[in-house]
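One structure below.
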Amino acid sequence: MEKCSCGSHHCSHGYCIDNVPLFVDLPSEIKQSIMESSNHKTYGKGDIIFSPGDRFDYLFVVNKGRVKLSKISAMGKEQILKILEVGDFAGELALFKDSLLTNFAEAMEKTEICIIKKEKIHEIIMQRPEIALKFLEKYTERIQQSEEIIEQIGLREVEQRIANYLVSEIEKNNIKSKNKEYVINLAISKSVLSSMLGTTKETLSRKLSLLQDEGLIRLEGQRKIIITDIESLRDIQ
């Protein structure tokens, strides 16, 4: 893990917080103030950013790369909770309540993190109270995502989880059809995807092959999935 100061104008590529919708509309002098009291760290692929039991009293922002948030069961099974992309952040709950972490955060590739101190966030909220509402909205969104994971694993079969994921990817990324087909290029490996869906890589591969045999999808290489019958996928959901 490399560490450097973010006190200058730039954190590798401009302000880290310019990537975060939460802060993008702040005046430049407030952004500069945030950066002057922040740190910047670079992690290599596989590096652990934090672990269960760590204390967390700052906001960290992904400036480059991707971060995997996950839990590990007593049996050693991993459940991925979320993949943080550029502009995503974690730690909003710790800004308002002292607590120990219960999740792992792991860099999925070379990743740059901006670390913003809790005290600075509190100072900004006093100046701009609407920021607190935005944090609340984000935390509510995280709760909804957690409930979705619980529903997926507890109430849906693996095939339903896969269908739901594929349809959601099309809608979330606004993928347009071409000749009634939708092309999804997975940004994550099938090992990561299987963990997100609460299954094994082998089961995921088998279920994808079945969907292909049924004419609902077409698999090309390791990362490309072409949806050929989206309505049937929606029916499976």
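The values are calculated or read from the model by the stated rules, or taken from the named source; none is laboratory data. Nothing here was measured: the structure is a model prediction, and the numbers come from that model. A quick note on method: Cβ atoms are made from the backbone with ideal geometry, for glycine too, and the neighbour counts reach across all protein chains shown. Note: accessible area is taken over every heavy atom of the protein model, side chains too, but ligands, DNA and RNA are not part of it. Shrake-Rupley method; radii C 1.70, N 1.55, O 1.52, S 1.80 Å.
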In segment 193-237, which residues are of a type in the set (A, V, I, L, M, F, W, C), open to solvent by less than 60 Å² (accessible area, probe 1.4 Å) and out of contact with any Phe, Trp or Tyr (no Cβ under 8 Å at 6 or more places or on another chain)? Leu204, Leu208, Leu211, Leu216, Ile217, Leu219, Ile225, Leu233, Ile236
Residues in segment 50-61: is at least one open to solvent by 40 Å² or more (accessible area, probe 1.4 Å), modelled with pLDDT of 90 or more, assigned to a strand (DSSP E or B) and over 15 Å from Met196 (Cα atoms)? no
Yes or no: Leu84 of a type in the set (A, V, I, L, M), touching a residue at least 12 places away in the same chain (Cβ under 8 Å), closer than 30 Å to Ser205 by Cβ and open to solvent by less than 40 Å² (accessible area, probe 1.4 Å)? yes
Run Lys45 past the list (1) within 14 Å of Val86 (Cα to Cα); (2) modelled with pLDDT of 85 or more and report the number of the one that doesn't hold. (1)
Test: Glu171 is open to solvent by 30 Å² or more (accessible area, probe 1.4 Å), acidic (Asp, Glu) and touching a residue at least 40 places away in the same chain (Cβ under 8 Å): no
Conditions (1) at pLDDT 80 or above; (2) in contact with a strand residue (DSSP E or B) (Cβ under 9 Å, 6 or more places away or on another chain); (3) open to solvent by 20 Å² or more (accessible area, probe 1.4 Å): number failed by Glu29: (2)
Which one is farthest from Lys45 (Cα to Cα), of the residues in segment 174-189 that are open to solvent by 30 Å² or more (accessible area, probe 1.4 Å), outside any loop (DSSP other than H, G, I, E, B) and in contact (Cβ under 8 Å) with a residue 12 or more places away in the chain? Glu181
Within segment 32-49, residues in a strand (DSSP E or B) and open to solvent by less than 40 Å² (accessible area, probe 1.4 Å) come out as Ser38, His40, Thr42, Tyr43, Ile49
